[in-house]
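As structure tokens, the structure follows; a few thoughts come after it.
The values are calculated or read from the model by the stated rules, or taken from the named source; none is laboratory data. Owing to the predicted nature of the structure, the values given are computational and were not obtained by experimental measurement. Neighbour counts are summed over all protein chains in view; Cβ atoms, including those assigned to glycine, are modelled from backbone coordinates with ideal geometry.
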Amino acid sequence: MADVDAIVIGAGVVGLACARELALAGQSVLVLEADSAIGTGTSSRNSEVIHAGLYYPVGSLKAKLCVEGRNRLYDYCATHGVQHRRCGKLIVATEADEIPRLEDLMRKGEANGCTDLRLLSGDEAMALEPALSCVAALLSPSTGIIDSHGYMLALRGDLEEAGGAIAFRAPMIAARPGEDGFIVSTGGADPLDITCSLLVNAGGLHASAVAVSIGALPLEAIPQTRYAKGNYFMLSGRAPFSHLIYPAPHAHGLGVHLTMDLGGQARFGPDVEWVENIAYAVDPGRVAGFGDAIRRYWPGMPEDSLIPGYSGIRPKICGPDDPAADFRIDGPGMHGLAGLVNLFGIESPGLTASLAIAREVVDQLLPDRRATLSA
């Protein structure tokens, strides 16, 4: 008999959501976290935006799980007292030739299940946000912001109330198939072997390395994780906006956009800086170019008002010249090891989609439960 039913590697937002879902499904759950607290990596170093689901290819996992996750996340915040605000977002065109991009984005969003999008004239958008300058805008009322740490604390509370536990400073060293599933070896001050029937790799930035340490997992089933650092610059002073402001998307990305925290502190970013190692210091020199980009839609931004803020790192499974990769939720049908799910490339909108990702993971591990829920 296994020591626990399920082990989840990683106590970020997705790992906590998966562990909670497993515990609520009646499984005994242990989360192994290499650090000393929950959510110290990508989960606490992002824009804290609840995404609506506009940008992702129709039919992709990102699109499906973002829309499902967004709906579940708003409900969860309301029932668990997690601070959030459905502030809405304006994606703006500052030149007439950008308007077709907004129209394409609206069509994509509607196909993904975003049913409340509105295309606004420049005058309509600037009536909502007088400091804005644009010729048209796409309004996404379902975009919001969230206290990500409060959300993770709520997930942890649900997990522990359902009998689950988290072991901190307990990195997974290796795992190998055993009689009842897997034998997982941990490091830290008190290394030990633990047996489990189900194993979820929610290692985020380290997911590929964790997968390599799982014996009998084919190496060809493990993508390379690359690091795309995103730097944020903070506004010294309060921004005159109530909505999030994004420029019209371009081929190279979403542009320099404005988001806010629940206290009203505005921040710009993230940019994209491909790096080899995990390091979070923000180079002040990267602010060059931010000001010109921002003043296209906010011409009144004060001079010298941007200061280095913080950075996060996205676990990319594509390179800088490759098309954006979809989420990978690799269950037994993908790699052939019963009881194992690997999560690769869980970047944005991973926080928004976390509850939906967790349901997908547990449906793969406990197919009888899925059949019961759909009956």
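Within the set A266, A216, A248, A239, the sole residue that is at positive phi and touching a Leu at 6+ places or on another chain (Cβ under 8 Å) turns out to be A216. Only one entry in L373, L351 is surrounded by fewer than 19 Cβ atoms within 10 Å (Cβ to Cβ) and either at negative phi or at pLDDT below 95 (or both), namely L373. Selection of strands (runs of 3 or more DSSP E) fully inside segment 135-244 by the criterion of at least 3 residues being touching a helix residue (DSSP H, G or I) at 6+ places or on another chain (Cβ under 7 Å) and more than 22 Å from V13 (Cβ to Cβ) returns 136-140.
Being of a type in the set (D, E) and over 24 Å from G319 (Cα atoms) is a property that D261 has. Filtered by the rule that a residue be aliphatic (A, V, I, L, M) and within 18 Å of the chain's Cα centre (by Cα), segment 263-314 gives V272, I278, I313. Checking the stated criteria, A19 turns out not to satisfy the condition of being touching a Pro at 6+ places or on another chain (Cβ under 8 Å) and either modelled with pLDDT of 95 or more or more than 16 Å from H206 (Cα to Cα) (or both). If only residues of segment 174-196 that are over 27 Å from the mean Cα position of the chain (by Cα), among the small types (G, A, S) and under 13 Å from I7 (Cβ atoms) are counted, the one that is surrounded by the most Cβ atoms within 10 Å (Cβ to Cβ) is G181.
Somewhere in segment 75-82, is a residue under 18 Å from Y246 (Cβ atoms), surrounded by 18 or more Cβ atoms within 10 Å (Cβ to Cβ) and in contact (Cβ under 8 Å) with a residue 24 or more places away in the chain? No, segment 75-82 contains no residue that is under 18 Å from Y246 (Cβ atoms), surrounded by 18 or more Cβ atoms within 10 Å (Cβ to Cβ) and in contact (Cβ under 8 Å) with a residue 24 or more places away in the chain.
Here the condition is being outside the structural domain of S348 (by TED's automatic domain parsing), out of contact with any Pro (no Cβ under 8 Å at 6 or more places or on another chain) and crowded, with 19+ Cβ neighbours inside 10 Å; of L199, L217, L235, it holds for L235 alone. In the set (1) more than 18 Å from the chain's Cα centre (by Cα); (2) modelled with pLDDT of 95 or more, D322 fails one condition alone, (2). Checked across segment 26-43, the condition of being over 15 Å from L355 (Cα atoms), in a helix (DSSP H, G or I), out of contact with any Pro (no Cβ under 6 Å at 6 or more places or on another chain) and touching a residue at least 40 places away in the same chain (Cβ under 8 Å) holds for at least one residue.
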